[in-house]
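Peer 1: Input: one structure, supplied below.
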Amino acid sequence: MTEMNEMQFDGFRSGFVALVGKPNVGKSTLLNAYVGQMIAAVSAKPQTTRRRQLGILTSEKAQIVFVDTPGMHAGEYKLSQFINEEAQYALMDADLILFVVDASQMPDKEDQALAAEIQALKEPGKLLLVMNKMDLVPAELAADRRTQFQKLLPFDDLIEISAVSAPGRDLLLEKVSSLLPEGPKYYPEDQITETYEREIAEDLIRAAALENLRDEVPYGIFVRMDDYKAREDNLRYIHATILVERDSHKGIVIGKGGLMIKKISTEARQKIEDMSGEKVYLELQVKVEKNWRNNPEFLRRYGLSHE
Ligand SMILES: Nc1nc2c(ncn2[C@@H]2O[C@H](COP(=O)(O)OP(=O)(O)OP(=O)(O)O)[C@@H](O)[C@H]2O)c(=O)[nH]1
Ligand SMILES: [Mg+2]
């Protein structure tokens, strides 16, 4: 960028900040905390996020466009390929990368592989290692943990935070702002994301299923929104179909006497109401879509393929 161009922004900083890392390290939790709203589904299980999602934070001095990504992981499915590509595209487009790790566990081979991959893409100063979940690390272990994680990225900055508490988040925000280049306001200042409410609702339903189901079942779930419409004042009618990969999974999702689907539905409705600020009437049904995670046509139709 030329000096002339830089001057035109008058000290305003902006840029795209990718949140990348293994599944379940707290990337979406961090995104939600920054925008102050539940725009990205969160669950206690890995692979909650399946697509890139923006969280836009605008102040007088800067516009930070966080890009939440799905946790990168080794997977055999065609869906896994899409998920990993989503993260890689975000990496390539980013002005700054936040490599988020779960500090409550020791770094493992996956962290090492990711660190190498990310480092190869970016020059120093464009990459920050974020040690999240520090609230779960006993004080006497903190120093050693830092040393262990520091080995992943020797030349770069490291910051310790907890996505669920404000002081660390504020510190990280300051750091991020200072590392961004001068630039324009890419989005209107009142916009916090590009994702439609109905897409967020789909993810919230899937997250409720992830929280409640065990083993392989929840990972083979796809939520299809059939109806998402306003009805009367402040009431939204939602009809969605939970697609599962096998006949035997259908019964598990429905549960004995329909108890499981009821539980998923109640939790999802609550989260969608919190997100949308509306009363929600949610109807769920369960259907089998055999082996959809490896079905190129299905994945293309629902935007889960780059091909
Ligand atoms: N104690 C604690 N829990 C956290 C923190 N950050 C996230 N969590 C929890 O960790 C779990 C995973 O959080 P997510 O935000 O869904 O993780 P993610 O990195 O987006 O995961 P994927 O979308 O699967 O890649 C949830 O149960 C969160 O509540 C933290 O700083 N401290
Ligand atoms: Mg996520």
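The values are calculated or read from the model by the stated rules, or taken from the named source; none is laboratory data. Keep in mind it's a predicted model, so treat the numbers as computed, not measured. Heads up, the Cβs are rebuilt from the backbone with ideal geometry, glycines too, and the neighbour counts pull from every protein chain shown.
Peer 1: Answer yes if at least one residue in the range 79-94 is more than 14 Å from ligand 1 (Cβ to nearest atom), in the same structural domain as Ala143 (by TED's automatic domain parsing), over 23 Å from Glu216 (Cα atoms) and not in a helix (DSSP H, G or I), and no otherwise.
Peer 2: Yes: one or more hits.
Peer 1: Taking the range 42-56 on its own, how many of its residues are within 7 Å of ligand 1 (Cβ to nearest atom) and closer than 10 Å to Ser28 by Cα?
Peer 2: Residues flagged as within 7 Å of ligand 1 (Cβ to nearest atom) and closer than 10 Å to Ser28 by Cα within the range 42-56 amount to 4.
Residue-by-condition table, conditions (1) closer than 18 Å to Gly71 by Cα; (2) part of a loop (DSSP other than H, G, I, E, B):
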| position | (1), (2) |
| --- | --- |
| Met131 | yes, no |
| Arg146 | no, no |
| Ala163 | yes, yes |
| Asp170 | no, no |
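Peer 1: Which helices (runs of 4 or more DSSP H) does the range 239-307 wholly contain that include 2 or more residues that are hydrophobic (A, V, I, L, M, F, W, C), out of contact with any Phe, Trp or Tyr (no Cβ under 9 Å at 6 or more places or on another chain) and closer than 18 Å to Ala208 by Cβ? Explain how you work it out, then say what you get.
Peer 2: Details: elements: 247-254, 259-276, 296-301.
Answer list for the range 239-307: 247-254, 259-276.
Peer 1: Would you point out which residue out of Asp157, Asp215, Asp233, Asp226 is assigned by TED's automatic domain parsing to the domain that holds His249 and touching a residue at least 12 places away in the same chain (Cβ under 8 Å)?
Peer 2: Details: Asp157 fails: assigned by TED's automatic domain parsing to the domain that holds His249; Asp215 fails: touching a residue at least 12 places away in the same chain (Cβ under 8 Å); Asp233 fails: touching a residue at least 12 places away in the same chain (Cβ under 8 Å).
Every option except Asp226 fails the conditions.
Peer 1: Among the residues of the range 215-238, count how many are out of contact with any Phe, Trp or Tyr (no Cβ under 7 Å at 6 or more places or on another chain) and either surrounded by fewer than 18 Cβ atoms within 10 Å (Cβ to Cβ) or more than 12 Å from Ile272 (Cβ to Cβ) (or both).
Peer 2: Selection size over the range 215-238: 14.
Peer 1: Taking the range 174-214 as the region of interest, how many residues are surrounded by 20 or more Cβ atoms within 10 Å (Cβ to Cβ) and part of a helix (DSSP H, G or I)?
Peer 2: 12
Peer 1: Residues in the range 51-72 that are farther than 11 Å from Ala90 by Cα and near ligand 2 (Cβ under 9 Å from one of its atoms): how many?
Peer 2: Residues of the range 51-72 farther than 11 Å from Ala90 by Cα: 55-65, 71-72.
Pick out the ones that are also near ligand 2 (Cβ under 9 Å from one of its atoms) and you get 71.
Counting residues in the range 51-72 that are farther than 11 Å from Ala90 by Cα and near ligand 2 (Cβ under 9 Å from one of its atoms) gives 1.
Peer 1: Checking the structure you have, find out if any residue of the range 16-36 is basic (Lys, Arg), within 12 Å of ligand 1 (Cβ to nearest atom) and within 8 Å of the chain's Cα centre (by Cα). Full working, then the answer.
Peer 2: Initially, the range 16-36 is screened for residues basic (Lys, Arg), giving 22, 27.
Now restrict to residues that are within 12 Å of ligand 1 (Cβ to nearest atom): 22, 27.
Subsequent filtering for residues that are within 8 Å of the chain's Cα centre (by Cα) retains 27.
Yes: one or more hits.
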